[in-house]
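Quick notes on the structure that follows.
Where a number appears in this text, it was derived from the coordinates with a stated rule and is not lab data. Being a predicted model, the structure only gives us computed values, none of them experimental.
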Amino acid sequence: MRRETFNPAQAQEVAAAFARHNVDYMFIGKSAAILLGYPGTTQDVAVFPSKTPENGRQIVTALRELGFEIDDRLEIEIIKGKDFVQIKNGPFDIDLVFAPDGIEHYDEAKTRMDTSSGFPVLNIRDIIASKTGSEAGSRSS
């Protein structure tokens with residue numbers, strides 16, 4: 001089945017559900033760049049969550065509330081913070097990127113978070129670093 005392209009309404013749904021369940025995260029990737037006003041399209045919402053078991057449990061609860069089908073295997077992967085979790089069995093596609101390339105520490109990246117769009121978004125330099133695998137973007141502000 002052909003999925004629709006990302007739109008900010010999907011980010012609003014994720015942000016609202018994650019807020020209700022106190023999920024610690026930032027939008028990342030092409031969807032984050034779009035939220036910051038950069039042109040482009042993508043098929044999924046991508047988030048960079050904090051990698052703790054409690055945050056993972058909160059993510060599972062929030063995603064189930066949004067209508068994603070989370071089986072036992074997927075729940076374990078999310079709670080353990082598997083580096084990359086791709087979920088396509090919900091109202092839209094979502095990627096959980098617990099270990100993005102080019103970014104060493106979530107807490108450090110969070111200090112550079114951009115909220116100008118009204119969403120918690122990874123800094124554009126960190127987004128670029130995660131796409132290129134370069135750590136140069138994660139060292140500058």
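A few comments on the model shown:
- Dimensionless Rg/Rh of region 33-141 - Kirkwood Rh, Rg from C-alpha atoms: 0.96
- Hull shadow area, averaged, region 25-75 [alpha-carbon convex hull, nm²]: 4.1 nm²
- Backbone amide hydrogens, once placed in the peptide plane, bring Asn7 within less than 5 Å of nothing, excluding anything fewer than 5 places away on its chain.
- Taking Cα atoms only, the orientation of helix 53-66 departs from the longest principal axis of the chain by about 60 degrees.
- The amide H of Ala46, built 1.01 Å from its N in the peptide plane, has Ile28, Ser31, Ala32, Asp95 as neighbours under 5 Å, considering only residues 5 or more places off or on other chains.
- Scaled against the 2.2 N^0.38 Å expected of a compact globular protein of N residues, the Cα radius of gyration of region 1-85 reads 1.08.
- Among beta bridges that DSSP assigns inside the chain, antiparallel share in %, nearest 5: 60 percent
- Available extension along the chain between Ser117 and Asp101 is 3.4 nm, counting 0.36 nm per residue and deducting the alpha carbon span.
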